[in-house]
Amino acid sequence: MTDGVNLSLLEEVEIRCFRSSHGELQFLETLSRCTAEILEKLVIYTDQFEKGTSLTKEICKNIRKMFRPNLDVIFILYSDERLVSAYIRLTPTVLKT
């Protein structure tokens with residue numbers, strides 16, 4: 001239970017128009033503390049060229065570290081509704097490099 005919302009049956013979270021703002025990062029931190037053991041995937045969509053977006057490799061790594069190792073964390077980059085990069089999948093193994 002997170003702030004009165006039961007997230008225990010959450011299987012997948014999809015966040016669109018992510019800009020890595022302070023509030024969004026706080027939300028992810030709160031989400032990472034939820035007890036949804038069946039949560040399998042977190043997908044974050046971001047427009048790399050939208051003004052005010054600052055999703056760097058370091059921020060991606062920090063987001064990955066917030067969550068348990070067996071959670072699939074995927075970043076999908078797009079520009080003007082067109083796919084720029086299919087995805088960046090960060091696993092604990094990738095973070096060690």
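Using amide H atoms built in the peptide plane, which far-off residues or other-chain residues are under 5 Å from ILE44 H to H?
ILE15, ILE74, PHE75, ILE76
As a test of reading the structure, rank ASP72, ASP47 by solvent-accessible area (1.4 Å probe, protein chains only), most first. List each step's numbers first, then the result.
Values: ASP72 40, ASP47 20 Å².
Of ASP72, ASP47, the descending order of accessible area is ASP72, ASP47.
Can you put CYS34, CYS17 in order of accessible area, largest first, using a 1.4 Å probe? If you can, show how the numbers build up before the last one.
Values: CYS34 20, CYS17 80 Å².
I get CYS17, CYS34, largest accessible area first.
So how do 24-32, 7-15, 59-67 stack up, highest first, on mean other-Cβ count within 10 Å? Mind dumping the intermediate values first?
Details: 24-32: 15.0, 7-15: 13.2, 59-67: 16.8.
The most tightly packed comes first, giving 59-67, 24-32, 7-15.
The values are calculated or read from the model by the stated rules, or taken from the named source; none is laboratory data. A quick note: this is a predicted structure, and the numbers were derived from the prediction, not measured. Here the Cβ is made from the backbone with ideal geometry for all residues, glycine too, and neighbour counts use every protein chain on show. The area values use the complete protein model at the heavy-atom level, side chains included, leaving out ligands, DNA and RNA. Shrake-Rupley method; radii C 1.70, N 1.55, O 1.52, S 1.80 Å.
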